[in-house]
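The values are calculated or read from the model by the stated rules, or taken from the named source; none is laboratory data. Worth saying up front: this structure is predicted, and the values here are computed from it rather than measured. Here the Cβ positions follow ideal geometry from the backbone for every residue, glycine too, while neighbour counts run over all protein chains shown.
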Protein chains: 4
Amino acid sequence: MTQKKKNWQERLHEIIYEADTKAGKRFDVILLWLILFSIALVMLESVKELDAKYHTFFNVSEWIITILFTIEYIARIISVKEPSKYIFSFYGIIDLLSTIPKYISIIFGGAHALVALRALRLLRVFRILKLVRFIGESEKLAKALKASRHKILVFILAVFIICLIIGTFMYLIEGDESGFTSIPKSVYWAIVTLTTVGYGDIAPQTALGQMLASVVMILGYGIIAIPTGIVTAEFTKQTGQKIDINTQSCPNCTIGYHKDNAKYCYSCGSSLEK
Amino acid sequence: MTQKKKNWQERLHEIIYEADTKAGKRFDVILLWLILFSIALVMLESVKELDAKYHTFFNVSEWIITILFTIEYIARIISVKEPSKYIFSFYGIIDLLSTIPKYISIIFGGAHALVALRALRLLRVFRILKLVRFIGESEKLAKALKASRHKILVFILAVFIICLIIGTFMYLIEGDESGFTSIPKSVYWAIVTLTTVGYGDIAPQTALGQMLASVVMILGYGIIAIPTGIVTAEFTKQTGQKIDINTQSCPNCTIGYHKDNAKYCYSCGSSLEK
Amino acid sequence: MTQKKKNWQERLHEIIYEADTKAGKRFDVILLWLILFSIALVMLESVKELDAKYHTFFNVSEWIITILFTIEYIARIISVKEPSKYIFSFYGIIDLLSTIPKYISIIFGGAHALVALRALRLLRVFRILKLVRFIGESEKLAKALKASRHKILVFILAVFIICLIIGTFMYLIEGDESGFTSIPKSVYWAIVTLTTVGYGDIAPQTALGQMLASVVMILGYGIIAIPTGIVTAEFTKQTGQKIDINTQSCPNCTIGYHKDNAKYCYSCGSSLEK
Amino acid sequence: MTQKKKNWQERLHEIIYEADTKAGKRFDVILLWLILFSIALVMLESVKELDAKYHTFFNVSEWIITILFTIEYIARIISVKEPSKYIFSFYGIIDLLSTIPKYISIIFGGAHALVALRALRLLRVFRILKLVRFIGESEKLAKALKASRHKILVFILAVFIICLIIGTFMYLIEGDESGFTSIPKSVYWAIVTLTTVGYGDIAPQTALGQMLASVVMILGYGIIAIPTGIVTAEFTKQTGQKIDINTQSCPNCTIGYHKDNAKYCYSCGSSLEK
């Protein structure tokens, strides 16, 4: 009987985690549509006019989806060999977070809105569609971002300190009338301006304030070049490497990454040609 | 007679589709001005004050242009060998779409506004002016964009998911008073903010909301580097490859990376030509 | 006497057009301050409260500056050999445009505001300061922009056509209540949104309008990568060239732009070394 | 006794300026938290509602921090050999500026707000955390910015002149009703628009004004490519140079462009080492 149970577990694992079999593919497609439907539901539900009209429909649909997600979550746990590995994985936590808010909402009404967290489940789309090429691309992207994360952190810290200082000065220059009622609000304005968002809910009114604001804007307009420069240089390096360097490996020492026109291995000096 | 008709068809084809003959050039120039005039017309017509004053002039001009476009459309169909090929081509569909709304407007008044679709005809400008160099440039551009479309899609999907999640949080944090009345509206706000557009029609009012908004802005300010990095790396690769150095190797010493106009090997001095 | 006059003319030319002599340097510095003062004047004059208070001072100063600029203009004409060459040069036209409005304002009061055109005189700053390095840099910049002008034109045309089409759709979707009262206004909104400026004076109110607006914003956020990619690729190429290619010229055929490690001229095959 | 005093001074120097000893590390961590706390304090203090409630707490905390910073400042002076070198160093001036406003505020109440200048002390974070890698990255960044500072200055000057001219034109086109009440205000608007900030507090109302504004926006959207291009090209050069290829030439065939870790010439196979 253990044998039989194991078989059943393995079959479930194949359906849920893999997409090679017909059943596995069907499961993935259904799950994908379910996720999209559940997100659409939570968004429409938040529109008051629609909620007033179709409240019962929304509520019932929510419960159906929550139960289906619960079943999926349990199935995922019982079909893996090490359940704890799934539970504490990135996707495991997202799956849990997108399922429990509805249950919590029985006790705390406000928690219901948290169902929107299931938007995170969209990330599973990449997995489901087995978009190898897409993943490949995004991994390259992630690699470039990772390589430049120190520079970007330095940049963000610098931006934040600039906003802090400018915000303070604006608080001193502009009075309460223009909306600069406190330093945190002025810092908020500085961020809004430096990032070129520019809501306009707070805007300088005095001549001096507008001069400082102009400096902030030109600064913001200019320093956007820095993160762009960082990431682009990283990308260019990664993209450029391919042209010069090939993946041919030396028949003698198996070292790779030779220049395209190399005839001898740069590491051991033996010929690269047969 | 078939012979004669064929000649007539061929002559028409030459005038409409080519620009080598004098008549062909004249046709292209007239068509270009007609397109520009028709677009100006539809724009001015939408200005209520002008429409009230010159309604008859606008209406008559519209009909004249529509009839001229209809004649051109029919002429294009009868002068090609395979009419269906033109009809279902990109330009064929645009030509149809920019002609029929006026006819439909006889029955449905509202459809009239769709004449603005003829703005798409502007794309023909490229064809008419036979801007070979321009087309060449835009083809390079299109190639670079095509090569990076997977990365860009991953990026847009990620941006959209970020906006979804942030929008939901803002909906929970900010009340109805600030304009965050529903999740779709909050997501709309998140997009407005992340893309640094910043209308200001919806803006956070609470301290927590403004803090989250600041994070979104700095995020948006930073991640604009990603599409730029992707496209630039692609461009740099394409621009760099072609122009300077080729992969031709010296017949004497087999060294490569010669300048495109090199006649002698820069390493051993022997001729690169056979 | 002709000899004497020529000398006087030549001396004047040296003072005005060159900066090698002490008098020439002093003239340049005075002119620079005069330009800056004149621009400050015209700006402050436009502030109503200041104009009400110091109208006489502003008016007198304006006349003094105008007369000084007139003297300079005449001096420039008489001190060059071919006056017409100066008059129709870029700087000649700017000098004229920044001098005459005050005279015209005697007859037409409104023309007075045009004195602000003298802001263009600031461009002379580059000349005056003899910022060789700066000019060198800006010439490199201009070269890169010139090389990519076809691509940029294609891009701007495409952006404009996109704005035209989107503007039309928004005009059809949103009613007059949101501010989309005519197609030109809707196109204006599309430009405001696509370029991520986002004034907020016109903003979509309907759900469909906000969805389309979101698409426009993400589009605008993404396609900013294109001009950046174009210019950066051009810059990288120009900056990169220096590393690979030097300005050494072949002793045999005088051709330049050899690779840094070239031993033989790529054009004539003779040795580059002595 | 001089010996003893010297020892005491040296020990203090070690604690304050270095982070090798246990006491030194502890000092740095405490200082870091003190700086963060002092900045949080000054920000919260500026929020009127909080200040009304907790005024005494804020005032007392401020005085405690000011006294601690004063002690630190004095300790830094007496523990270095050349106090003047520290006092007039970048960090020395910041330390002073972030300490004295509270003392001045006894006499001038308004000066109190200047305590916010201590945000600058955050820069010390880099020092304290001994983030060698971070500093390394930011030095590379600073180097790239330094190398391109001439180009950027030319760019900013050009942007400012463009804004001056456009601002003047808008002042002439738009009347007082739209908010373009003076040339400085119009120039401010031009900067707000060109940098794609777009507050919307001043926005063109006439058709001609909106057309000019559209041109400014597209211009601003396009020329952001220039600083980005400049910085990116500089980054690419710096990042690219170091990592892949060096200019070492083969002692046998003199060919260059070897990989940094190459031991044999890729062209002739002879050893690259002596």
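In contact (Cβ under 8 Å) with a residue 40 or more places away in the chain and touching a Leu at 6+ places or on another chain (Cβ under 9 Å), is that true of residue B:78? Taking the combined requirement at face value, the residue satisfies it.
Among the criteria (1) at pLDDT below 65; (2) closer than 30 Å to residue A:47 by Cα, the one residue B:273 does not fulfil is (2). Exactly one residue out of B:106, B:93 is under 24 Å from residue B:32 (Cβ atoms) and of a type in the set (A, V, I, L, M): that is B:93. Taking segment C:166-211 as the region of interest, how many residues are farther than 22 Å from residue B:42 by Cβ and free of Cβ contacts under 8 Å to residues at least 24 places away in the same chain? Going through segment C:166-211 one residue at a time, the tally reaches 8. Taking the criterion of being of a type outside the set (Phe, Trp, Tyr) and at the interface with chain D (Cβ under 7 Å from one of its Cβ atoms), the residues of segment A:208-223 that qualify are A:210, A:214, A:217, A:218, A:220, A:222. Within the option set C:146, C:151, being in contact with a Leu (Cβ under 9 Å, 6 or more places away or on another chain) and either among the charged types (D, E, K, R) or in contact (Cβ under 8 Å) with a residue 40 or more places away in the chain (or both) holds for one residue only, C:151. In the list D:218, D:161, D:165, D:173, which residue meets the criterion of being in the same structural domain as residue D:147 (by TED's automatic domain parsing), at pLDDT 80 or above and more than 30 Å from residue C:226 (Cβ to Cβ)? Testing whether each residue is in the same structural domain as residue D:147 (by TED's automatic domain parsing), at pLDDT 80 or above and more than 30 Å from residue C:226 (Cβ to Cβ) leaves just D:173. Exactly one residue among A:205, A:210 is within 22 Å of residue D:182 (Cα to Cα) and in a helix (DSSP H, G or I), and that residue is A:210. Scanning segment D:154-177 for residues that are out of contact with any Leu (no Cβ under 9 Å at 6 or more places or on another chain) and of a type in the set (Asp, Glu) turns up D:176, D:177.
Which condition number in (1) more than 16 Å from residue A:183 (Cα to Cα); (2) touching a residue at least 40 places away in the same chain (Cβ under 8 Å) is the one that residue D:39 fails? All conditions are met except number (1).
Are there helices (runs of 4 or more DSSP H) fully within segment C:42-121 with at least 3 residues that are modelled with pLDDT of 90 or more, of a type in the set (S, T, N, Q) and surrounded by 15 or more Cβ atoms within 10 Å (Cβ to Cβ)? List them.
The qualifying helices (runs of 4 or more DSSP H) are C:48-79.
Only residues that are in a helix (DSSP H, G or I) and either within 14 Å of chain D (Cβ to nearest Cβ) or surrounded by fewer than 24 Cβ atoms within 10 Å (Cβ to Cβ) (or both) were counted across segment C:161-202, and they come to 25.
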